[in-house]
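Please treat every number below as a calculation from the coordinates, not as lab data. Predicted, not measured: the structure shown is a model, and the values here were computed from it. Cβ coordinates were reconstructed from backbone atoms using ideal geometry, including for glycine residues, and neighbour counts include every protein chain displayed.
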Amino acid sequence: MVWLRRRRAAIIGGWWLAATFVLGCAEWKPAPPTVPTLPAPKLPADAAVVEILLLPMPPTEDFWLDLDEAAVDQEARLKWAQNGLRAGLSGAELPIDLLPSTAPGDEPAQDTQQVGSELSRTHRQIHCRPGQRYEVHPRSQLAGEHILLYRGREGIEGRQLSQPQPLFAMSVFPEGDGRLRIELTPEVQYGEFKQQWVSKDLAMRMDARREILMLDHTRMSAKLLEGQALIVAPMMPPWGLGELVLSGRAADGSTDQTVMVIRVARRATSEQL
């Protein structure tokens, strides 16, 4: 019996040595390196990331059925309608008719403008601070003299403008309920550049500026949650400010219109404060 126990132990020991030899000869493969991921940059407590998209006008206006125009202040909405402009809010997803090839949330591209076209096609992000002024240029500057008819405070007004550059002045303001109030004001820069002293950051500096037709009476505001978008488009057929700011000649010589999308991409969260 002792002999059997010794032989059994020898056999088990042999198998153990063989297994150890086989395993010991296996090729050692190091674990794949882990790629460190950087956390999203922290935003200041009062800042926000806003996406701007300038898209071609769809062939139909059915997309308005999916927008909430009542979310825009009623008085401002009326003044915009009197000047050929229309605005409404969308949810987290844009109406399917407006979906661009580069959707909101994708990597933003630089401003583009086809040769021969007066209209910009833009997808860019702006890191906005409260109360600061930002400019959105849906189209290029017009050449020569142009007459602009618009509804002012006292009724229909007209101005002859030299080389006008229509645009939207934009400012953002955080609300206590987590929403972001976006203010838009149509305006037109025109004439030659002139040197003038400008006060900025408690200092005076010389700056070259043009004359500005400020249409403050048409200032519009809307409050958006993160992910929501403000949609601005001309009334069809285009006329007034809607025609001046959001309509122009396309690359093929036809007249085209632009839809402007302003989306709240990110707000500072409590964890970032």
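With bins 5 Å wide beginning at 0, the percent of Cα pairs of segment 48-272 falling in each bin runs 1, 6, 13, 18, 20, 17, 12, 7, 3, 1, 0. Ordered by the number of other Cβ atoms lying within 10 Å of each residue's own Cβ, fewest first, THR185, THR218 fall into the sequence THR185, THR218.
The order of THR122, THR255, going from fewest to most other C-beta atoms within 10 Å of their C-beta, is THR255, THR122. Computed on segment 48-272, with alpha-carbon pairs under 8 angstrom and 6+ residues apart, the relative contact order is 29 percent. Listed from fewest to most Cβ neighbours within 10 Å, the set SER254, SER120, SER162 follows the order SER254, SER162, SER120. For segment 180-260, report the translational diffusion coefficient in µm²/s to the nearest whole number, using Stokes-Einstein at 25 °C, 0.890 mPa s, and a Kirkwood Rh over Cα pairs. Rounded, D is 155 µm²/s.
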